[in-house]
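Remarks on the structure that follows.
The values are calculated or read from the model by the stated rules, or taken from the named source; none is laboratory data. Quick caveat, the model's predicted, so the values are computed rather than measured. Note: ideal-geometry Cβ built from the backbone for every residue, glycine included; neighbour counts use all protein chains shown. Side chains included, ligands, DNA and RNA excluded: accessible areas come from the protein's heavy atoms. Shrake-Rupley method; radii C 1.70, N 1.55, O 1.52, S 1.80 Å.
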There are 2 protein chains.
Amino acid sequence: MTQPMALAPAEPGERLGIVAGGGALPRIVAAEARQSGWAPFIVPIADGRLYDWSAWDHRSLSWAQTGDVFTLLRTHGIATVVFCGTISVRPDYRSFVPSLRTLGMLPEILRMVRGGDDSLLRAVSGSFEVRGFRVLSVQSLVPNLLTPDGVLTRREPTGPAAAAVQRAAQAAQQLGRLDIGQAAVASCDRVIAVEGIEGTGEMLQRVADLRGRGRIGRGEPTVLFKAFKPQQDERFDLPSIGVETVRQAEAAGLSGIALTAERSLIIESEGVIEALDAAGLFLVGVSDPTMGDAR
Amino acid sequence: MTQPMALAPAEPGERLGIVAGGGALPRIVAAEARQSGWAPFIVPIADGRLYDWSAWDHRSLSWAQTGDVFTLLRTHGIATVVFCGTISVRPDYRSFVPSLRTLGMLPEILRMVRGGDDSLLRAVSGSFEVRGFRVLSVQSLVPNLLTPDGVLTRREPTGPAAAAVQRAAQAAQQLGRLDIGQAAVASCDRVIAVEGIEGTGEMLQRVADLRGRGRIGRGEPTVLFKAFKPQQDERFDLPSIGVETVRQAEAAGLSGIALTAERSLIIESEGVIEALDAAGLFLVGVSDPTMGDAR
């Protein structure tokens, strides 16, 4: 597969604002962007504030300071931003004292936090663009994170496991269409679990628990599918997996993992594939966007 | 509302086979059927075997004895059956030694346990009908269990809670269409949780847990919708709630519960409505089958 090139700045040293949630992704984006010639400025928010960003030019923002982000970025000469990382807790804007700028933005913010994750992200990026910022995708900066098409592990999905991929794909795509969640676990016979706001990790814990209680047959191969939502902006919140997902999938007794090819991310893919091979699980990128959709 | 009459036997004392899973429903069906002139014969299976049926004419069957049910019923002069109660654990027919009759039925049984709950129930009832049994619905025997149309509690859904009913209805109906689950929890802004094989009780525990961790805003009214699946046979597995559901909904911090009117069951409705009123929750039967479907 030929990978597209990482997006370089117009001039070396151009500033890049990285609005950073939790997980390993923001750090990878920051490192790769610097490698490509950008000068990253990190804005840790939500889960991202738990990480140590002291080695980077950064300024952490609480939810109460959300409205200050535009001025903060402009003060640092930043015109280009990227959003990455997980945000597990939504702000409850009724529960704290906002900064003056946040206060002025409250009507806009409250409109944004309505709706599913997809509409939230779309609204947030729109609020940056309307103020003249350029919003980049993670994959334009780190294209080698994108899931290639086809089987990526020693093990391949065959027989009932291949049928399970189809069923899980169909369920995950329907959930995505309704902006409910990105992920589903299924066997060839039935859908086992579907993701709401709890996230993939907790859904997999649930599958492990159901299996422990005999609710899933021993001879019933099960598969996790994480699907790109057909209506989503490709720049935000692509479905992703990492080493932790593999550990959770193994604990849940899954046979493998499937992702929408070219529209999902594998974080630290060497480690991911190594862990999958060690556990005997498969990983497959599925490229046909209409697969599982034939009802 | 005028309730239809409970179905009486052609002659008083006609035998009725009640294939009984777990929960309060089988006992209610048995008592009401006896009241209408039937002579019930209980066949406890799965979760139903944990209950004390000693006051009733009964014969418990393990999964290994499943294939014996037809002969058992015929021996007792039974031509009419009803299925009721919950079955939380699916049989794993690879893990035990079946009786001779079960063994002969294994190919048929294994075909049946493929698919979601809906296809399972359809297949099971088909296997009774093809052998000449008449299969009744719970609501034909106990029509006053059916959820009427409209608000049933002192509290009514208004404003964001009414919008949450719509959103939860849409999600629950989509899940049902895919034979994934019957239930969803939503606010007016987003879908919070969707039901897989874990069942409504565990889904509500998850919502309680998410709320405890600040993942659901304090001012975000949330609603449980349990929906009739458009393709399901009305005789089996109608969505249902009971007093325990109310307790779980209260613990999850919900504002209320909504059900498909005329195609769902309220078990012990006096106690249910009393508990809802005490907790300040609403209960509403929603009759328009296309509501929430307008996308």
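Here are a few things to note about the model shown:
- Rounded to two decimals, the Cα radius of gyration of the range B:146-286 over 2.2 N^0.38 Å is 0.93.
- Contact order, relative form, for chain A: 17 percent (alpha carbon pairs under 8 Å, 6 or more residues apart, mean separation divided by residue count).
- Unit charges on C-beta of K, R, D, E only; dipole of chain A, Debye: 660 debye
- Chain pair A, B: total accessible area buried, heavy atoms, 1.4 Å probe, Å²: 3400 Å²
- Once Rg and the Kirkwood radius are both taken over the C-alpha atoms of the range A:200-258, their ratio Rg/Rh works out to 1.05.
- Directionally averaged projected area (the protein assembly as shown, Cα convex hull): 28.6 nm².
- For the protein assembly as shown, the dipole from Cβ point charges (+1 on Lys and Arg, -1 on Asp and Glu) about the Cα centre works out to 40 debye, to the nearest 20.
- For chain A, with +1 on Lys and Arg beta carbons and -1 on Asp and Glu, the positive-most of A:Ala251, A:Leu25, A:Ser60 along the dipole: A:Ser60
- Measuring from each Cβ of chain B to the axis that turns chain B onto chain A, the shortest distance belongs to B:Val194, 2 (residue, then whole Å).
- Inter-copy label distances at B:Ser54, using a point 7 Å along Cα-to-Cβ, come to 7.0 nm with the shortest given first.
- Projected label points at B:Asn144 and B:Arg34, each 7 Å from Cα along the beta carbon direction, are separated by 1.7 nanometres.
- With every protein chain in place, the protein assembly as shown: carbon and sulfur % of accessible area (1.4 Å): 53 percent
- Partner chain coverage, peptide B:201-214 - average Cβ within 10 angstrom: 2
- Close amide-amide hydrogen proximity is noted between B:Ser240 and B:Leu265, each under 5 Å apart and 5 or more residues distant or on a separate chain (H modeled in the peptide plane; Pro and chain starts excluded).
- Label spacing, shortest first and in nm, from B:Met5 to its equivalents in the remaining copies (7 angstrom along Cα→Cβ): 8.5
- Max mean-square fluctuation residue, GNM over chain B, Cα-Cα springs under 10 Å, options B:Leu73, B:Leu210, B:Leu283: B:Leu210
- Taken one residue at a time, the phi angles of the range A:232-240 give Karplus couplings (6.51, -1.76, 1.60, θ = phi - 60°) of 7, 6, 5, 7, 10, 6, 4, x, 8 Hz. Gly and Pro are set to x.
- DSSP-defined beta bridges in the protein assembly as shown - what % are antiparallel, rounded to 5: 30 percent
- In this assembly of identical copies, the label point of A:Arg134 (Cα plus 7 Å along Cα-to-Cβ) is separated from its counterparts by 7.6 nm, sorted shortest first.
- The distance linking the range A:167-184 with the range A:64-79 is 35 Å (Cα centroid to Cα centroid, whole angstrom).
- The residues of the range B:163-188 listed by number as losing at least 50 Å² of accessible area in the complex, against the isolated chain and with a 1.4 Å probe, are B:Leu178, B:Ile180.
- Amide N of the range A:22-64 lying under 13 Å from the label point, which is placed 7 angstrom from the Cα of A:Arg247 along Cα→Cβ: A:24
- Label-point gap, in nm, between B:Glu234 and A:Ala79 - each point 7 angstrom along Cα→Cβ: 6.6 nm
- Sorting B:75-85, A:52-62 by average packing, meaning the other beta carbons within 10 Å per residue, from highest down gives B:75-85, A:52-62.
- The DSSP beta bridges internal to chain A are antiparallel in roughly 30% of cases.
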